[in-house]
Amino acid sequence: MCGIFGIIGEKEVAPLLLEGLKRLEYRGYDSAGIATLSNGHIDCRRAEGKLSNLTQKISETPLKGTVGIGHTRWATHGLPNERNAHPHATEKVAVVHNGIIENYITLKAELEGQDCKFETDTDTEVIVHLVTHYINQGQDPVDAANAAMDRLEGAYALVMIFAGHYDVMVGCRQGTPLAVGYGEGEMFVASDSYALAPLTKKICFLEDGDRVVVNKTDAQIYDSKKNKVHRSVRITEQSGATIGKGEYRHFMLKEIYEQPSVIGQTLNAYVNAATGKITVPKEVLETITKAPRLTLIACGTAYYACMVAKYWFEQIARIPCEIDVASEFRYREAPMPEGGIALFISQSGETLDTLEALRYCKREGQTIISIVNTIESTIERESDHVLHTLAGPEIGVASTKAFTTQLTTLACMALATARKLGTIDEKHESEMAKALRHVPKIAADILQHDEAIQTIAKDIAEANDVLYLGRGSLYPIALEGALKLKEISYIHAEGYASGEMKHGPIALIDECVPIVVVAPENDSLFEKNVSNIQETVARGGKVFLISDIKGAHRLKEQSSWRVALGAVHPFVAPILYSIPVQLLAYHIAVIKGTDVDQPRNLAKSVTVE
């Protein structure tokens, strides 16, 4: 996950920026860069690889200046090389950027029509050209930055500096975290408080839609409509010795709120900068399209990602799939098809059951593809092909952002495979690709329901048992919701396919057992869900409905509690509907007073059988 750091003050900033970037290394990165104002001009140094490479470059060719921005980048749009590293700059503005600009292609085409020359493969470059365009029309830097930000769509954070302007730095938060630090005669902007901890304890966390204009002594914050707003400045206790929770009470909540950003980061890795289409590495795609069967194997939450992927690969790409939990698969001695693929999913890349199942498949002649979040892990080293989710470090034991980035990666794989095999037409491909590109923004919108879910959690927290129901690709999300509740609140919960209720579990229903139903109205199986809900209500069950606005209205009389999300494409619904079930589990656990981040008997990386 990329990191941003900016300083405006009276001291030479290059050494401080390097130190700040070092504190952002935990996010993962493969290039880095710094831009400063030197004699009124923008001066940049960028380097591929580790910060030591950038440090060496700056040692050989020093950067002067008291205003500067820095960035650690994990390659998304474009290869991880120096050309695509941030900051990006013209003669008039430099920018660092986290997240995704969804309308990048449209803006780029418009700017190219005005003779702008693009030099990188990133979506970020449209920002500097757009700001430069407005400056050239006579606007001052702040107005030009606002005019450009008005045009941007997506979930992102960015910071800019301007040639000749030593007392202004502009930042923006839209779905991706950004914090302002207050010093003595100097100010700071960074991705999180951990990076700022050695420099200041006075920190302000921007809210979604906020824009900030920073000078050497203060910061003015505005909402997206340019209205001045107040955000509290707090004294942080962050020591910087460990990765911090920032403004959040728990790592889990922080990681839930990071999802718009990290989904965007992950998605960017599979967005073709020229066409806007979703793609995957050529060698991976060619391997999948030739396989007679795809075997998906994982443990825990990652196994539910496999379950969702089975729906996608079979329905969209028409590839037969088998799924299994790693601990069972490795002892089944399953016969594997010639030319088959085994796909393994693991946040840590060290899960022993998954690793041993991988080794069995390797012995059986399968091509191994892994999806991992931790680089240079054992699973990565033993795989033929590796796809990284860009979730960044996940500290909370209960997986949240790692799960949704796994789903994002799998959705991209399924869609790219379907296009390669010709199992979907161009119209449907375009619809699903567009839906994927919009996921970060919709995820940020869903987080606005947090307060409503917290209120509902107070009632459900009194239960001893909770049932979760879903159909189709949302059935695994019901399973995942139940797992989350068990993991962190210690309430017994079970997930079922809605249609299976009448085959046994319906016997458990009474007025003391809440039933959480995940059922958007625009899903093809909604009417089936309606019937199952009515069966439940008829037996005294109290339903918590997670649906869209139309679904919530349809089932207003049948549900005791409701959360009505905006409409989403059914293809991406599993990614987005994961967020409310995560929030529900979190708030119930807080009410119960459990250890949310380190629940009893659980570990983040399971390296034993």
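Would you mind classifying region 335-441 by shape? Square roots of the alpha carbon gyration tensor eigenvalues, ordered a ≥ b ≥ c; an a/c under 1.5 is rounded, otherwise it is prolate if a/b is larger than b/c and oblate if not. Walk me through the numbers before you get to the answer.
Working: a/c = 2.92, a/b = 1.21, b/c = 2.42.
Note, shape of region 335-441 comes out oblate.
From the helices alone, meaning DSSP H stretches of at least four residues, give me the mean residue ellipticity at 222 nm for the chain, per-run term -39500 (n - 2.57), in deg cm²/dmol to the nearest 500. Working shown, then result.
Values: 21 runs with 221 residues, N = 609.
Only helices count here, giving -11000 deg cm²/dmol.
From the list [x] 30.6, 119; [y] 31.8, 109; [z] 24.3, 77, can you say which value of Rg and Dmax of the Cα atoms in Å was derived from the structure given?
[z]
Before anything else, pin down the relative contact order of region 371-522: Cα pairs under 8 Å, at least 6 apart, normalised by residue count, whole percent. Provide the component values of the computation, followed by the final result.
Details: 140 pairs, mean separation 26.6, N = 152.
Relative contact order of region 371-522: 18 percent.
Over the chain, give the accessible area per residue in Å² for a 1.4 Å probe, as an integer. Each step should come with its number before you reach the end.
Details: 22840 Å² over 609 residues.
Accessible area per residue: 38 Å².
Can you give the extra length, in nm with one decimal, that the chain gains between H428 and Y248 once fully stretched, where that is 0.36 nm per residue apart less the Cα-Cα distance? Kindly include the intermediate steps, with their values, before the conclusion.
On the way: separation 180, 0.36 × 180 = 64.80 nm, distance 3.97 nm.
Result: 60.8 nm gained on full extension.
Which whole-number percentage describes the relative contact order of region 480-609, with Cα contacts under 8 Å and a sequence gap of 6 or more? Write down the numbers at each step before the final one.
On the way: 157 pairs, mean separation 37.8, N = 130.
With pairs under 8 Å counted, the relative contact order is 29 percent.
Using a 1.4 Å probe on the protein chains only, how many percent of the accessible area of region 436-562 belongs to carbon and sulfur?
Values: 2470 of 5280 Å².
Carbon and sulfur atoms account for 47 percent of the accessible area of region 436-562.
Let me have the relative contact order for the chain, percent, based on Cα pairs under 8 Å that are six or more residues apart. Kindly include the intermediate steps, with their values, before the conclusion.
Values: 1401 pairs, mean separation 68.2, N = 609.
Computed over the chain, the figure is 11 percent.
Using a Förster distance of 41 angstrom, determine the FRET efficiency expected from the C-beta separation of E451 and R363, and round it to 0.05.
Once the sixth-power term is evaluated, E becomes 0.20.
Between their Cα atoms, which of K92/K117; K216/K254; K434/K556 are more than 23 Å away from each other? Don't skip to the answer; put the middle values down first.
Values: K92/K117 15 Å; K216/K254 29 Å; K434/K556 31 Å.
Going by Cα-Cα distance, K216/K254; K434/K556 fall outside the 23 Å limit.
Only Lys, Arg, Asp and Glu count, each charged at its Cβ (+1, +1, -1, -1), so figure out the dipole size of region 400-527 about its Cα centre, rounded to 20 debye.
Working: 12 positive and 19 negative charges, 139 e Å.
With Lys and Arg at +1 and Asp and Glu at -1, about 660 debye.
Ranked from highest to lowest mean number of other Cβ atoms within 10 Å per residue, what is the order of the peptides 251-263, 86-98? Before the final figure, lay out the partial values.
Working: 251-263: 27.2, 86-98: 25.4.
For the peptides 251-263, 86-98, the packing ranking is 251-263, 86-98.
Around I58, under 15 Å between beta carbons, what's the net of Lys plus Arg minus Asp minus Glu among the other residues?
Working: positive: K22, R45, R46, K50, K57, K64; negative: E12, E19, D43, E48, E60, E82.
So the surrounding residues net to 0.
At what distance in nm do the modelled label points of H492 and A274 sit from each other, each positioned 7 Å from its Cα along Cα→Cβ?
Taking the simple label geometry, H492 and A274 are separated by 5.9 nm.
For a quick check of your reading of the filter: which GluC sites (Glu not before Pro) in region 399-502 sit in a DSSP loop and have no more than 13 other Cβ atoms within 10 Å? Each step should come with its number before you reach the end.
Details: sites: E426, E429, E431, E451, E462, E480, E487, E494, E500; in loops: E462.
Within region 399-502, the qualifying GluC sites (Glu not before Pro) (loop, at most 13 other Cβ atoms within 10 Å) are E462.
Ordering K420, K441, K225, K202 from largest to smallest accessible area (1.4 angstrom probe), what's the sequence?
Accessible-area ranking of K420, K441, K225, K202, largest first: K225, K420, K202, K441.
Mind jotting down the distance between the C-alpha centroids of region 368-433 and region 256-274, whole Å?
11
Cβ neighbours within 10 Å, averaged per peptide: list 78-84, 204-210 in order, most packed at the top.
Values: 78-84: 16.9, 204-210: 19.0.
Highest-to-lowest ranking by the protection proxy: 204-210, 78-84.
Roughly speaking, to the nearest percent, how much of region 51-187's 1.4 Å accessible area is carbon and sulfur? Don't jump to the answer; show the numbers that get you there.
Numbers: 2160 of 4740 Å².
Its accessible area is 46 percent carbon and sulfur atoms.
Give the separation of the Cα centroids, region 304-330 to region 32-58, in Å.
45
Please report, as a whole percent, how much of the solvent-accessible surface of region 200-285 comes from carbon and sulfur atoms (probe radius 1.4 Å). Before the final figure, lay out the partial values.
Details: 1840 of 3790 Å².
Roughly 49 percent of what the probe reaches on region 200-285 is carbon or sulfur.
Using heavy-atom solvent-accessible surface (probe 1.4 Å) with all chains present, what is the largest-first order of D425, D510?
Greatest to least solvent exposure: D425, D510.
Under a point-charge model restricted to the Cβ atoms of Lys and Arg (+1) and Asp and Glu (-1), what is the dipole moment magnitude of region 263-383 relative to its Cα centre, in debye to the nearest 20? Please report the intermediate quantities before stating the final value.
Working: 12 positive and 15 negative charges, 75 e Å.
Dipole magnitude for region 263-383 comes out near 360 debye.
Work through the residues other than G40 whose Cβ is under 14 Å from its Cβ and net out their charges, Lys, Arg +1 and Asp, Glu -1.
Numbers: positive: K64, K92; negative: D43, E91, D167.
Neighbourhood net charge equals -1.
Taking square-rooted eigenvalues a ≥ b ≥ c of the alpha carbon gyration tensor, is region 1-151 rounded, prolate or oblate, where a/c under 1.5 means rounded and, failing that, a/b exceeding b/c means prolate?
oblate
Would you work out the charge dipole size for the chain about its Cα centre, treating the Cβ of every Lys and Arg as +1 and the Cβ of every Asp and Glu as -1, and quote it to the nearest 20 debye? Let's see the in-between values first.
Details: 62 positive and 77 negative charges, 46 e Å.
That gives a dipole near 220 debye.
Could you tell me the center-to-center distance, by alpha carbons, between region 439-473 and region 69-128 in angstrom?
36
If packing is taken as the average count of other Cβ atoms within 10 Å, what order do 545-558, 574-587 fall into, highest mean first?
Details: 545-558: 18.6, 574-587: 27.4.
In decreasing order of mean packing, 545-558, 574-587 become 574-587, 545-558.
For the full complex of protein chains and a 1.4 angstrom probe, list L199, L51 by accessible area with the highest value first.
Values: L199 60, L51 15 Å².
If we order L199, L51 from most to least accessible, we get L199, L51.
Charges on Cβ only, +1 for Lys and Arg, -1 for Asp and Glu, centred on the Cα centroid of the chain; of L390, V572, S224, which one is farthest towards the dipole's positive end?
S224
Can you give me the span-like helices of the chain, meaning DSSP H runs with 24 Å or more of Cα extent along the axis and Kyte-Doolittle mean at or above 0.5?
Values: long enough: 401-421 (30 Å, 0.58); 573-592 (29 Å, 1.30).
Helices meeting the span and hydropathy rule in the chain are 401-421, 573-592.
The values are calculated or read from the model by the stated rules, or taken from the named source; none is laboratory data. Quantities reported herein were computed from a predicted structural model and do not represent experimental measurements. We place every Cβ from the backbone using ideal geometry, glycine too, and count neighbours over all the protein chains shown. Keep in mind that these areas ignore ligands, DNA and RNA; they rest on the heavy atoms of the full protein, side chains included. Shrake-Rupley method; radii C 1.70, N 1.55, O 1.52, S 1.80 Å.
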